Amino acid sequence: EWQSETYLLKQQGHAQRHAQMVNALAYAADGQLLATGGGDGKVKLWNAAAGVCFVTFSQHTAPVSGVAFSPKGGGHVVFSSSLDGTVRAFDLIRYRNFRVFTPPTTSPAQLTCVAVDPSGEIVAAGALDHFDVYLWNVQTGKITDVLSGHEAPVASVAFNPMDSTLASASWDRTLKLWDVFASKTH
């Protein structure tokens, strides 16, 4: 039965489960959808009530490290970060990858996490190898800022739902708070 803790990803005989471990999970704001990101480089969308995967995105070329739904637009956009050095935005109306965000680094950056600001206009991702947090404009796909200051990989990023504050946590045992529109750390 669907309510069992293992049913969702162990539907034997179906192409629904991930081929490798599941690295990331996010609920849409309305609780009706789940997104998962796997070591197989796939982003899967699930009907939370039925426990059924209804779409798989396979554009990443390395493990998916984070997934996040846009808080605006009824959750019709999901973002994913990957060790392939990209953040991808997927349109859940047309089921397509409509934007690819890449860090402005000379050497590829492996991205470990992703978050979207409350307005749905800015997407942030942390890096494993450059220790930076990258910010992009969702509409244009252009980088808006690079937040530096961590001394080890960035493990997690999250936006305050009430303002423009971004929190980043790192393997360097620090938590940093950034005003993303002023580019200042607290």
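Of all residues in segment 159-173, those that are closer than 22 Å to A24 by Cβ, open to solvent by 50 Å² or more (accessible area, probe 1.4 Å) and at pLDDT 95 or above total 2.
Restricting the search to segment 96-132, which residues are within 13 Å of the chain's Cα centre (by Cα) and hydrophobic (A, V, I, L, M, F, W, C)? Residues satisfying the conditions are V100, F101, L111, C113, V114, A115, V116, I122, V123, A124, A125, A127. Selection of segment 42-72 for residues being within 23 Å of D84 (Cα to Cα), part of a loop (DSSP other than H, G, I, E, B) and not hydroxyl-bearing (S, T, Y) yields K42, Q59, H60, A62, P63. Going by what's in this entry, would L128 be described as touching a helix residue (DSSP H, G or I) at 6+ places or on another chain (Cβ under 9 Å) and of a type in the set (A, V, I, L, M)? Judged against the criteria, L128 is not a match.
You will find that of A152, A115, A182, the residue that is free of Cβ contacts under 8 Å to residues at least 60 places away in the same chain, buried (at least 17 other Cβ atoms within 10 Å of the Cβ) and hydrophobic (A, V, I, L, M, F, W, C) is A115 and no other. Under the condition of being within 12 Å of L83 (Cβ to Cβ), open to solvent by 40 Å² or more (accessible area, probe 1.4 Å) and touching a strand residue (DSSP E or B) at 6+ places or on another chain (Cβ under 7 Å), the residues counted in segment 101-112 number 1. Filter segment 62-99 for residues that are surrounded by fewer than 21 Cβ atoms within 10 Å (Cβ to Cβ) and within 15 Å of F159 (Cβ to Cβ); which is modelled with the lowest pLDDT? Per the criteria, the residue is K72.
When R88, R96 are checked against the criterion of being under 25 Å from H76 (Cβ atoms), without any contact (Cβ under 8 Å) to a residue 12 or more places away in the chain and of a type in the set (K, R), a single residue qualifies: R96.
The values are calculated or read from the model by the stated rules, or taken from the named source; none is laboratory data. Predicted, not measured: the structure shown is a model, and the values here were computed from it. So basically every Cβ, Gly included, is an ideal-geometry build from the backbone, and we count neighbours across all protein chains shown. Please note that ligands, DNA and RNA were not included when accessible areas were found on the heavy atoms of the full protein model with its side chains. Shrake-Rupley method; radii C 1.70, N 1.55, O 1.52, S 1.80 Å.
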